[in-house]
Amino acid sequence: MKRIIILIFLGYAFITFGQVAKQSTFFSGKSKLEIVPFKLNIKPGVYRSRLDIDPTIENRFSQFSGFVQLYFPFQRSIDKTSSFDGSINDSLVYGRLFSIRPLATLQVTNRGGNCAGLGMELSFRLLKRFFLAAQLNLVWVEANNNVPDGLRRGLNFHHYWYASYFINQKISLSLGFNHISNGNFLSSNPTSVFDMITPGVSFRF
């Protein structure tokens, strides 16, 4: 499932950027550290565990989880030089061509497993209101290792890839894929293996 979603994102990005490249010319770019409003993500969804503790309920997206994310009020942005001139434009209202922003994450499953941590998000604007984003968070998981929710206690990576569309200046809708594991990198012990499909909504204050 993760590979399919990544391939879809890459395919769409390739098509979109290919079309833009054919229709546009080179322009001057600028990088800037910006103070921006707080942003809150709310992401409910369904998940599966691949630990095979109880295969009758695992290995399919049939259990419920959710997470919230609070973005810190600053980011490193890259965009056209003209987009930083202070005037109100699409880039200022909906987001920069490319940005890197830190955030905090808290996630809970229906079986009591939970994790919290910090990370970074890379965001790419494909169209006026349409964005693709990828996150990597380092989280501490608290979970009962005998419960089939895909989580095991300890340090893990919290990966999240999603597409979002702005309804207006303050609210955007999203659809994404969340994966939690340590990839046997942070520890040699058995790791969390958690996959989640999540719609969501984001609010900017």
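The values are calculated or read from the model by the stated rules, or taken from the named source; none is laboratory data. Since we're looking at a predicted model, the values are computed, not measured. Neighbour counts are summed over all protein chains in view; Cβ atoms, including those assigned to glycine, are modelled from backbone coordinates with ideal geometry. Quick note on the areas: whole protein, heavy atoms, side chains included, nothing else; ligands and nucleic acids left out. Shrake-Rupley method; radii C 1.70, N 1.55, O 1.52, S 1.80 Å.
Worth pointing out:
- Where R101, R125, R153 fall by accessible area, highest first, once all protein chains stay in place (1.4 Å): R153, R125, R101
- Using θ = phi - 60° and Karplus 6.51 cos²θ - 1.76 cosθ + 1.60, couplings along segment 74-82 (whole Hz; Gly, Pro as x): 7, 7, 9, 10, 10, 7, 4, 4, 5
- A straight chain from L40 to R60 at 0.36 nm per residue would run longer than the Cα-Cα distance by 4.3 nm.
- Overall, segment 90-205 carries a charge dipole of about 360 debye about its Cα centre when +1 sits on the Cβ of Lys and Arg and -1 on the Cβ of Asp and Glu, all other atoms neutral.
- Centre separation in Å (Cα based) which lies between segment 147-201 and segment 98-119: 8 Å
- Computed from label points 7 Å out along Cα-Cβ, the spacing between L106 and Y165 is 3.1 nm.
- Anisotropy class of segment 52-205 from Cα gyration tensor, a/c 1.5 cut: prolate
- The string of couplings for segment 188-202 from the Karplus curve (6.51, -1.76, 1.60, θ = phi - 60°) is 8, 6, x, 10, 5, 9, 10, 10, 9, 9, 9, x, x, 9, 10 Hz, one whole number per residue in order, with x for Gly and Pro.
- The residue list S83, P102, G113 was ranked by how far each Cα lies along the charge dipole of segment 71-150 toward its positive end, using unit charges on Cβ atoms, and S83 comes out on top.
- Cα gyration tensor shape for segment 139-185, rounded if a/c is under 1.5, else prolate or oblate: prolate
- Proximity of backbone amide H atoms, modeled 1.01 Å from N, is registered between N59 and S49 at under 5 Å, excluding neighbours fewer than 5 places apart on the same chain.
- Rounded to the nearest whole Hz, the Karplus-based 3J(HN,Hα) values (6.51 cos²θ - 1.76 cosθ + 1.60, θ = phi - 60°) of segment 97-110 follow the sequence 4, 8, 8, 10, 9, x, 7, 10, 10, 9, 10, 9, 9, 5, with x at glycine and proline.
- Total charge dipole magnitude, segment 70-141, about the Cα centre, Cβ charges on Lys, Arg, Asp, Glu only, Debye to nearest 20: 140 debye
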